[in-house]
Amino acid sequence: MKNLKLAAIVLLTSVTTILSSCSKSDPTPAAPPAAAVAPDGFTWTENGGTTVMTGATPFFVTQGHSLFVQNATGGVLFEFNFNSLAPATFVYSTSFSPGTFFVDYQFAGVTSTNRFVPTSGTCIIASNANGKISGTFTASGSAGTISSIKGAFNNINVQP
């Protein structure tokens, strides 16, 4: 009987020691990583590259449905023309029919023989509210030193 009591005490002490030495798990789950937020302004890459370029002065004009992006000296770098400013997906076209857009890219060093001539592309106007417009674009083409452009415009001021 003495051995039984001793065994019970040893067992109880062992279980208590094991349970008290276990670390308590943290009931608060780890916070998920913050979602990437696109910076305000106009950014793009060329030819599938990773070098991100930034337009100096982007603005949207409601009359004519056009997005202009200027370079650092005030010259027109990009000109996008749309047939609507409503959030939608637009496809590249030179006919300017419903649901289309047109882009002209006047990159540094552009000439009549190396200019970017798009043949296809899409532009998504994701939002147009509170005097700001945002979206993304891609275009592919030929006849120049640049075969594709891809970029985003975020919170660009809309001018009447």
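State the extension gain, in nm to one decimal, for the chain segment bounded by residue 96 and residue 112, taking 0.36 nm per residue of separation less the distance between their alpha-carbons. Present the calculation step by step, with values, prior to reporting the outcome.
Working: separation 16, 0.36 × 16 = 5.76 nm, distance 2.28 nm.
In short, 3.5 nm is gained.
Give, in nm to one decimal, the length gained when the segment between residue 54 and residue 158 is fully stretched (0.36 nm per residue of separation minus the Cα-Cα distance).
The span from residue 54 to residue 158 would gain 35.6 nm if fully extended.
Going by a ≥ b ≥ c, the root eigenvalues of the Cα gyration tensor, does segment 56-123 fall in the rounded group (a/c under 1.5), the prolate group (a/b larger than b/c) or the oblate group? Don't skip to the answer; put the middle values down first.
Numbers: a/c = 2.62, a/b = 1.31, b/c = 2.00.
Oblate shape, in that a/c is at least 1.5 and b/c is the bigger or equal ratio.
Take the alpha carbon gyration tensor of segment 32-160, find the square roots of its eigenvalues, order them as a ≥ b ≥ c, and report rounded if a/c is under 1.5; if not, report prolate when a/b exceeds b/c, else oblate. Could the numbers behind the result be given before it?
Details: a/c = 1.42, a/b = 1.19, b/c = 1.19.
It comes out rounded by the Cα gyration axes.
Any read-out appearing in this document is the output of simple, stated calculations on the displayed coordinates, not a laboratory observation. This structure is a prediction, so every number in the text was calculated from the model and none was measured.
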